């Protein structure tokens with residue numbers, strides 16, 4: 001089964017992913033589950049890359065790299081699901097979180113967004 005939503009936004013993803021969370025969990029349980037899941041999934045990704053990069057002497061064949069990137073993409077999805085659990089537990093909106101992070105990046109890396117075709121600036125500057 002596949003769920004398609006066009007366009008897919010953080011808001012839509014958060015709403016749909018929340019439908020798959022444990023229904024009877026309170027906010028603390030949801031928060032702890034999200035945090036532990038985030039740590040576990042991050043560990044899986046780092047472990048697979050560590051094995052290939054350090055146990056194989058830093059030599060990664062193209063087919064191994066492709067398999068590792070596919071695995072990483074899948075795990076990023078799992079990480080996103082756990083981020084939704086955390087966000088829901090603290091009553092946070094992913095779109096607001098993403099916007100706040102972009103704002104922080106723009107302040108820290110003033111020239112970092114130059115050349116982008118995306119309009120950058122305060123709402124009253126656009």
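Residue-level check: of (1) free of Cβ contacts under 8 Å to residues at least 12 places away in the same chain; (2) under 23 Å from residue 13 (Cβ atoms), residue 42 misses just (1).
State whether the residues of the stretch 21-34 include one that is in a helix (DSSP H, G or I), modelled with pLDDT of 90 or more and under 15 Å from the mean Cα position of the chain (by Cα). Even if it seems obvious, please write down each step before you answer.
Step one: filter the stretch 21-34 for residues in a helix (DSSP H, G or I), giving 27-34.
From what's left, modelled with pLDDT of 90 or more: 27-34.
Those still in the list that are under 15 Å from the mean Cα position of the chain (by Cα) too: 34.
Within the stretch 21-34 (the criterion being in a helix (DSSP H, G or I), modelled with pLDDT of 90 or more and under 15 Å from the mean Cα position of the chain (by Cα)), the answer is yes, since at least one residue qualifies.
Could we say that residue 25 is without any contact (Cβ under 8 Å) to a residue 12 or more places away in the chain and surrounded by 15 or more Cβ atoms within 10 Å (Cβ to Cβ) here? Steps first, answer last, please.
On the way: without any contact (Cβ under 8 Å) to a residue 12 or more places away in the chain: yes; surrounded by 15 or more Cβ atoms within 10 Å (Cβ to Cβ): yes.
Answer is yes for this residue.
Yes or no: the stretch 101-112 includes at least one residue that is outside any helix (DSSP H, G or I), under 20 Å from residue 11 (Cα atoms) and modelled with pLDDT of 75 or more. The answer is no; no qualifying residue exists. The lone criterion from (1) surrounded by 13 or more Cβ atoms within 10 Å (Cβ to Cβ); (2) without any contact (Cβ under 8 Å) to a residue 12 or more places away in the chain left unmet by residue 83 is number (2).
The combined condition, being exposed (fewer than 12 other Cβ atoms within 10 Å of the Cβ), without any contact (Cβ under 8 Å) to a residue 40 or more places away in the chain and out of contact with any helix residue (DSSP H, G or I) (no Cβ under 6 Å at 6 or more places or on another chain), is fulfilled by residue 47.
Quick grid of which residues meet (1) surrounded by 10 or more Cβ atoms within 10 Å (Cβ to Cβ); (2) at positive phi; (3) outside any helix (DSSP H, G or I); (4) touching a residue at least 60 places away in the same chain (Cβ under 8 Å):
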{"position": "4", "(1), (2), (3), (4)": "no, no, yes, no"}
{"position": "8", "(1), (2), (3), (4)": "yes, no, yes, no"}
{"position": "13", "(1), (2), (3), (4)": "yes, no, no, yes"}
{"position": "38", "(1), (2), (3), (4)": "yes, no, no, no"}
{"position": "75", "(1), (2), (3), (4)": "yes, no, no, no"}
{"position": "87", "(1), (2), (3), (4)": "yes, no, no, yes"}
{"position": "99", "(1), (2), (3), (4)": "yes, no, no, no"}
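For the stretch 40-58, a residue qualifies if it is at pLDDT below 90 and either under 14 Å from residue 86 (Cβ atoms) or outside any helix (DSSP H, G or I) (or both), and the qualifying residues are 56, 57, 58. Only a single item in (1) part of a helix (DSSP H, G or I); (2) in contact with a helix residue (DSSP H, G or I) (Cβ under 8 Å, 6 or more places away or on another chain); (3) modelled with pLDDT under 85 is not met by residue 81, and it is number (3).
The values are calculated or read from the model by the stated rules, or taken from the named source; none is laboratory data. Quantities reported herein were computed from a predicted structural model and do not represent experimental measurements. Counting neighbours? That spans all protein chains shown, and the Cβs are built from the backbone with ideal geometry, glycine included.
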